[in-house]
Amino acid sequence: MERSKNVEVQKSRTKDMIGIGMCAAIIAVCSWFSIPMAVPFTLQTLAVFITVGLLGGKRGALAVLVYILLGAIGLPVFHGFTGGIGILLGTTGGYIIGFVFLALVYWLITAWLGNKTWVVVLGMVCGILVCYIFGTAWFMYVYAQNTGAIGLMTALSWCVFPFILPDFIKITVAVFIVKRVSAHVNF
């Protein structure tokens, strides 16, 4: 009986590691599709939404952390095939780090309210709002250190407003993908 329980725990851990690694890789691949802007427009956010939707907030946050650590050590997993700690410490690094907060907020909301579709959407929306707040504060701080002070409305017009509609579209697409994939694969 004890051996059977250990085998099941090992299978669960292996499945978790595979899911986390696979989703970290998907985030990396999606980040390579980018349109240069003050904050590059990528499919990375879509991959983060899909990751938390499939894996949940806890394992989703771990997948995002793996992705960030891979980039931090220099692997070209960030937008435009870039990597290194310099990207994370640069003006857009706060948005990348903000993905961890997105996953944690998603985890908190779905832990409280369950996994109904409206809760999943709410978790993703609240998560991206926290990512916007953290990333914009980071952007403003780093920009001020390197170039000079910037107003909040200017930062928002460069870094948030152009992304609101695309991110809501990504949430819609992610929820659809998560529902379809979850019907066939048990993460």
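Listing for the model above:
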| item | result |
| --- | --- |
| In region 29-50, the residues that are over 22 Å from Phe176 (Cβ atoms) and either of a type in the set (Lys, Arg) or touching a residue at least 24 places away in the same chain (Cβ under 8 Å) (or both) | Trp32, Ser34, Pro36, Met37, Ala38, Val39, Pro40 |
| Considering residues of region 32-42 that are surrounded by 17 or more Cβ atoms within 10 Å (Cβ to Cβ) and under 13 Å from Val77 (Cβ atoms) only, the residue modelled with the highest pLDDT | Thr42 |
| Matching option when the condition is touching a Gly at 6+ places or on another chain (Cβ under 6 Å) and either in contact (Cβ under 8 Å) with a residue 12 or more places away in the chain or outside any helix (DSSP H, G or I) (or both), among Gly53, Gly57, Gly98 | Gly98 |
| Complete set of residues in region 152-183 that are buried (at least 18 other Cβ atoms within 10 Å of the Cβ), closer than 23 Å to Thr51 by Cβ and over 15 Å from the mean Cα position of the chain (by Cα) | Cys159, Val160 |
| Residue within region 156-179 that is of a type in the set (S, T, N, Q) and closer than 18 Å to Tyr95 by Cβ present | yes |
| Residue ID - farthest from Ala47 (Cα to Cα), chosen from residues in region 146-187 that are in a helix (DSSP H, G or I) and in contact with a Gly (Cβ under 6 Å, 6 or more places away or on another chain) | Val178 |
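The values are calculated or read from the model by the stated rules, or taken from the named source; none is laboratory data. All values derive from a computational prediction rather than experimental measurement. Here the Cβ is made from the backbone with ideal geometry for all residues, glycine too, and neighbour counts use every protein chain on show.
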